[in-house]
Amino acid sequence: MKKIFLLLLVCCLVGTTYAQDLYTIKVGTFRDVKANDFAALKAQGFIYGVPGPDNTTDVYVGHYNDQTKALTTARTMTTKGFRNAQAFVLSSVNGQAVTVIQIALHSGTRPIDWATLERAGQLYVETVDGTTKILTGVYPDARIAADFLPAIRALGYTDAFVRSINNVRLIPITTFETGIKKPLIPISLQVAKNTDAPLSPSPNPVSAGNGSTPSTQEATPGAPKTYSPPGGNSPQPYNPPAVTAPNTTTSTLSAGANAPNLPAIDGRTKRNSSAELQRVLKEKGYYSGAIDGYYGPGTAAAYQAAWDGMSEIRKYRKLTEMAVAPAGGPDLVSQWPEIKTLLAITEDLSAGMVNDARARQLVQQRPQLSVARQPLNVNAASRVNNWAATIWTSLEDWATEDPLHAQIFSAFRLSYHQSQVRLEDHYMDQGLSPIAAKDLAAAMLQNLTGAQLDRFL
């Protein structure tokens, strides 16, 4: 009985620690800065930034377990010239549990080798009172995280392990912290990227008791120059990343279930898209027939088996349940199962570097392209096919850099070529020839994914 009591006590203490609120300090809002510009504050805690409009960054230092320490540290920063330094509370009650893989532990002020760590994927930090844990994710669940664990350990992180964490405790690592202008591709999907509403409440200011509110202007000799938003509006506080629990019913759906206006695939037409799909299915061990370019029953069965069996595909299928509507909005084409999965993969491949202006332009063009009944002209067909060739060459080179890249690339190949087959049938159903349908399918794929894949051009 005594042992049971002690065990329950330990569990309660662990639960209390996990649920404990954290405190952070907002230093100010600055334009065109990086973490190294705030070297004078490194001894106070981990320096991180949240991107704002017009190349601005909200700069924070944290996290702290103790409110008094956060307030005292904020006051110290004001004496060093950062007059707007203010403590905030990050309430764990407003967060939710997410699954990550912890890959490293760091303490002290020595530099962190971000370039090496980023090989594991999108990075996050959990930092409290000078101890920094480096994590990668976020994964839909522990099972999918476990599928990726061997590949991460193979990179040299032999002590990496899967864990659950309140997302309020996570700091997403960006180019502000790393100083790397072109980050590597993350494993996980940043599903909150395109949402309009805040996914979790902002931290609440912690009052020092004088009732004053710091101004939005900085006057720090020798410190980075602060940017004040137009109109005198105060910068918005940091919103911790949030991930909605996926709909687990996805794993039971067939590759063509519940899709509106999904075209039937013509197995009598020989085409390159079918041959490429057969090739990747054979490489992954799902197809043993000839690579003949005909989408027959054997190819259909192999694709269904890959849809159900490939861990990479299962991951992105689940993430489609978490993601907001893609850049194309709720059009019928983007709701086809293979294209929904492709959009999830390309969002991951974008590494948060989506060309938003181009995405909006492509969205406006999509309805007309979707119902096209005339072939592309010669110049347009040449441009889109050149785009596809460039993307494939760049992605193939990228996939050789890392085993994790290769896994993502396999998922991309499978989803892309299946989407290509389906789109070709969509256009053939509208009376176009197989050649014209091939070009229009490539144009639609560029429309759907071009803004996300711009970094590979």
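Considering (1) at pLDDT 85 or above; (2) among the polar types (S, T, N, Q); (3) buried (at least 17 other Cβ atoms within 10 Å of the Cβ), say which one T116 fails and leave the rest.
That leaves (3) as the condition not met.
Can you name the helices (runs of 4 or more DSSP H) wholly within the range 245-326 that have at least 1 residues being touching an Asp or Glu at 6+ places or on another chain (Cβ under 7 Å) and modelled with pLDDT of 90 or more?
272-283
Tally time: how many residues in the range 400-409 are over 17 Å from A389 (Cα atoms) and part of a helix (DSSP H, G or I)?
Qualifying residue count for the region: 6.
Within the range 122-156, take every residue that is modelled with pLDDT under 85 and in a strand (DSSP E or B) and give me the one that is farthest from the chain's Cα centre (by Cα).
Only one residue tops the list, namely Y139.
Take the conditions touching a residue at least 40 places away in the same chain (Cβ under 8 Å) and assigned by TED's automatic domain parsing to the domain that holds D147 and apply them to T131. Does it pass?
no
I'd like to know if the range 379-399 contains one or more residues that are surrounded by fewer than 19 Cβ atoms within 10 Å (Cβ to Cβ) and not in a helix (DSSP H, G or I).
No, every residue in the range 379-399 fails to be surrounded by fewer than 19 Cβ atoms within 10 Å (Cβ to Cβ) and not in a helix (DSSP H, G or I).
I'm told E424 meets every condition in (1) surrounded by fewer than 16 Cβ atoms within 10 Å (Cβ to Cβ); (2) in contact (Cβ under 8 Å) with a residue 40 or more places away in the chain except one. Can you identify the failing condition by its number?
Condition (1) is where E424 drops out.
Among the listed residues S92, S164, identify the single one that is within 23 Å of K69 (Cβ to Cβ), outside the structural domain of Y316 (by TED's automatic domain parsing) and surrounded by fewer than 18 Cβ atoms within 10 Å (Cβ to Cβ).
Selected residue: S92, the only one of S92, S164 that is within 23 Å of K69 (Cβ to Cβ), outside the structural domain of Y316 (by TED's automatic domain parsing) and surrounded by fewer than 18 Cβ atoms within 10 Å (Cβ to Cβ).
Taking Y416, is it part of a helix (DSSP H, G or I), hydroxyl-bearing (S, T, Y), surrounded by 19 or more Cβ atoms within 10 Å (Cβ to Cβ) and touching a residue at least 60 places away in the same chain (Cβ under 8 Å)?
Yes; evaluated as a whole, the condition is true for this residue.
Outside any strand (DSSP E or B), of a type outside the set (S, T, Y), within 21 Å of the chain's Cα centre (by Cα) and within 18 Å of P172 (Cβ to Cβ), is that true of R119?
Answer is yes for this residue.
What pairs come up if the first residue lies in the range 271-289 and is touching a residue at least 24 places away in the same chain (Cβ under 8 Å), the second is surrounded by 15 or more Cβ atoms within 10 Å (Cβ to Cβ) and of a type in the set (D, E), and their beta carbons are under 8 Å apart, counting only those six or more places apart or on different chains?
R271/E424; S273/E424
Taking the range 354-378 on its own, how many of its residues are among the aliphatic types (A, V, I, L, M) and either surrounded by fewer than 16 Cβ atoms within 10 Å (Cβ to Cβ) or modelled with pLDDT of 85 or more (or both)?
The number of residues fulfilling the criteria is 6.
Considering the range 19-43 alone, what residues qualify as being part of a helix (DSSP H, G or I) and either surrounded by fewer than 21 Cβ atoms within 10 Å (Cβ to Cβ) or in contact (Cβ under 8 Å) with a residue 60 or more places away in the chain (or both)?
Matches in the range 19-43: A19, A35, N36, D37, F38, A39, A40, K42, A43.
Can you tell me which condition T99 does not meet? The list is (1) part of a helix (DSSP H, G or I); (2) touching a Phe, Trp or Tyr at 6+ places or on another chain (Cβ under 6 Å), and all the others hold.
Evaluating T99 over (1) part of a helix (DSSP H, G or I); (2) touching a Phe, Trp or Tyr at 6+ places or on another chain (Cβ under 6 Å) leaves (1) as the failure.
The values are calculated or read from the model by the stated rules, or taken from the named source; none is laboratory data. Keep in mind that this is a model prediction, so the values were computed, not measured. Positions of Cβ are generated from backbone atoms using ideal geometry, with glycine treated the same way; all protein chains shown enter the neighbour counts.
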